[in-house]
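The values are calculated or read from the model by the stated rules, or taken from the named source; none is laboratory data. Every value quoted in this text rests on a predicted model; they were computed, and no experiment measured them. A quick note on method: Cβ atoms are made from the backbone with ideal geometry, for glycine too, and the neighbour counts reach across all protein chains shown. Just the protein is used for accessible areas: all its heavy atoms, side chains included, with ligands, DNA and RNA removed. Shrake-Rupley method; radii C 1.70, N 1.55, O 1.52, S 1.80 Å.
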Amino acid sequence: GCIVGRTVPKTPNSFLCTIKHYGDFVLEYEFKIDPRLNSGVQIRSQVKDKNRVFGYQVEIDPDTERNRMWTGGIYDEARRGWLNDLSKNEPARKAFKPGEWNKIRVHAVGDSIRTWLNGVAAADLIDSMTPAGLIGLQVHGIGNKKDGPYEVRWRNIRIKDLGQQEWKPLFDGKTLTGWKALPGGTWQVV
C-alpha cells in the first residue's frame, strides 16, 4: 500500500510526477524515510531540459547527525534554494519522528504556501513565482555511496483540488462596463 522510491548510485535526483498540474490545493501524505537519505515532495513544479524537475519542494530532511531537521520547510529545487527553512521554528523541527511514519499537510492557495508536520505549523511562505505545476515525489541522488539502496516510502497521499486562481482585469482601460456609480456622481474614463 506504499509508493517506494529507492536510490541508485551515480544517478541524479529522480521524481515520480503527476501528469496533471495543480494550482490551489490541500495536499496530505505520510512518509517514512531512511535516515541517510534526503527527499521531498515537489509542488507546483515544472520540467525543463532533459526531464529536470524544478520548483517548490516540501522538504523531507531527517538529518539527525547535524540536528538540522528541516522537514516541512520549502526548498526551491534547481532554482533559488531555501525559501523557508525551519532554522527558527524549533517546534516544527522537534515534530519530526525519525524512523517512523510522519504526516505532512500542505495548503497552497494563491501566493501562499503553508505546511504542517505531524500537526505542527512548519513553513509559511508568500511567493508568487509559480502559480501551478505538477506534484512529484523525489528520491535524492546519493552520488557514489555504495551502502544503499536507501528507501523513502509514501502512503495515504490525497489532494483536494481547489482549482487555480486567475487574475482578470477589473477595468479594461477604456470603458466603465461592469461598474455603476453609487449613489451617483460623475465618473468617466480619461
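Table for the structure above
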quantity	calculated
Accessible-area value, residue 166, 1.4 Å probe, nucleic acids and ligands omitted, Å²	140 Å²
Residues with amide H under 5 Å from that of residue 162, placed H, sequence gap 5 or more	24, 25, 26
For segment 59-64, 3J(HN,Hα) per residue [Karplus equation, 6.51 cos²θ - 1.76 cosθ + 1.60, θ = phi - 60°, Hz, x = Gly/Pro]	5, 10, 10, x, 6, 6
Exposure ranking of 101, 179 by accessible area [1.4 Å probe, largest first]	179, 101
Spin-label pair residue 64/residue 146, simplified geometry with 7 Å Cα→Cβ offset, distance in nm	2.7 nm
Structure-derived percent of Cα pairs over 22 Å apart - corresponding label in (1) 42; (2) 60; (3) 50	(3)
Charge dipole (the chain, unit charges on Cβ, about Cα centre) - positive-most of 29, 183, 81	29
In sequence order, calculated HN-Hα J values of segment 176-185 (Karplus, 6.51, -1.76, 1.60; Hz; x Gly/Pro)	9, 4, x, 10, 9, 8, 10, x, x, x
In Å, descending, principal axis extents of the Cα set of segment 54-94	27, 18, 12
HN-Hα J in Hz across segment 145-153 - Karplus 6.51, -1.76, 1.60, θ = phi - 60°, x for Gly and Pro	4, 10, 8, x, x, 9, 10, 10, 10
Placed amide H near residue 83: partners under 5 Å, 5+ positions off or other chain	74, 75, 76
Inter-label distance, nm, simple model (7 Å from Cα along the C-beta direction), residue 21/residue 156	3.2 nm
Listed residue pairs exceeding 19 Å between alpha carbons, taken from 10/146; 10/32; 94/146; 10/97	10/32; 94/146; 10/97
Segment 114-188 and segment 3-51: distance between their alpha carbon centers, rounded to Å	17 Å
Residue order for 158, 153 - accessible surface, 1.4 angstrom probe, largest first	158, 153
Carbon/sulfur fraction of accessible area - segment 75-137, other protein chains in place, 1.4 Å, %	51 percent
Residue-level accessible surface for residue 182, protein heavy atoms, 1.4 Å, Å²	130 Å²
Candidate residues 128, 14, 45: accessible-area rank, largest first, probe 1.4 Å	128, 14, 45
Cβ charges +1 (Lys, Arg) and -1 (Asp, Glu), total dipole of the chain, debye	320 debye
Gained length - residue 82 relative to residue 164, 0.36 nm times residue gap less alpha-carbon distance	27.1 nm
Two-site label geometry, residue 109 and residue 6: point separation in nm, points 7 Å out along Cα→Cβ	4.2 nm
Per residue accessible area in Å² of the chain, where ligands, DNA and RNA are left out and the probe is 1.4 Å	59 Å²
